[in-house]
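Trainee: Below: one structure in structure tokens.
Nothing in this text is a laboratory measurement; each read-out follows from the coordinates by a stated rule. Keep in mind that what you see is a predicted model, and the values were worked out from it rather than measured. Glycine gets a Cβ as well: all are built from the backbone with ideal geometry, and neighbour counts include every protein chain shown.
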Amino acid sequence: MQASAKRHAATIAFLALLVLALFWPAPVLTVNDVCCHAQLPVDDLSFLGREAPSWDVIYWCFAGIFLIALLQAAESRDFAFGWRIIRESRLHVPRRTIAFVVTSLVLVALTWRFADARVTAFAERIESDQLENAARIFNRLGGGMNPALIVIFFFVAGVAYTHRRWIEYAVAMALAGLAAGIVSQAIKYAVARARPELWLGPAVRAHVAASFPSGHTIAAFSLAGVLVFASRSRALRAVALIFAIGVGCARILAFRHWASDVLASALLALLAAYIATRSVRMRTL
């Protein structure tokens, strides 16, 4: 089998694994409903790696089988190749960064002042079971182990099939997510903004469950941003951006974040992704 065919097969298998992660532990619950009817410590609201990790063992067995199959079909196991790409990276901050930051601050301030309360009120008006279910899936996509799974897949599959571009994606995604995540945690601690679900208003501080910025949105846009700035495929760029926007909207619909939280997080993550793609010096650019 040619390397391109192997990559396509690995991609399809990984997407199936990712979909399973988004819906986990639904298969366990379905089997239990059909034949066992036991009292389980998990339910439809549980998700991978959070409420009951001991029940995730079956999923990680599937993930392990996928990893073994990937390495068995590998054309290379030279993980030092990936390390060389990391060592070749050099921080490069474009001159337009300052203008982008200033513009972003203005947009976030305007959203905070004029849109936060209105958007949250609109989310409350359109609330429904269908939207709640969709928001739950997108929330899972941006949280838990799922962003890490995507980065790991690009890195391992890139090494296995000597596909430099995938390794570059993984390195840039990791750098962007790490940088944006560190900055966001510092901002979250300093701002200590109350979440919409507390109904204290968009300008109230609360050190419990700080709202600004959104970690899920940062994770989603850090990964999607790398593909948007580096991928040659318009379809892949569009799909990545749509899913990232879906995660951001889900955080608003779940009343976990204000609109300005999501906007600030998306802009911060996109900036980190832009700098990361330039710093990794991708050959695809």
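Trainee: Take each of the peptides 238-251, 18-31, average the number of other beta-carbon atoms within 10 Å over its residues, and list them starting from the highest.
Mentor: Final packing ranking: 238-251, 18-31.
Trainee: Using modelled amide H (1.01 Å from N, peptide plane; none on Pro or chain starts), what sits under 5 Å from the amide H of residue 193, excluding residues fewer than 5 places away?
Mentor: Those qualifying (amide H under 5 Å, at least 5 residues apart or on another chain) are 206, 211, 212.
Trainee: Here is a further query. Quote to one decimal, in nm, the extra length available between residue 84 and residue 132 on full extension: 0.36 nm per residue of separation minus the C-alpha distance between them.
Mentor: Between residue 84 and residue 132, full extension yields an extra 12.9 nm.
Trainee: Could you check the spin-label model distance between residue 148 and residue 99? Points 7 Å from the Cα along Cα→Cβ, value in nm.
Mentor: 3.9
Trainee: Determine, from the Cβ-Cβ distance of residue 4 and residue 192 and an R0 of 45 Å, the FRET efficiency 1/(1 + (r/R0)^6), rounded to the nearest 0.05.
Mentor: After rounding, the FRET efficiency stands at 0.35.
Trainee: Within the chain, which whole H helices from DSSP have a Cα span along their axis of at least 18 Å and a mean Kyte-Doolittle hydropathy of 0.0 or more, if any?
Mentor: Helix filter hits for the chain: 3-23, 57-72, 97-114, 146-160, 164-191, 215-230, 234-253, 259-279.
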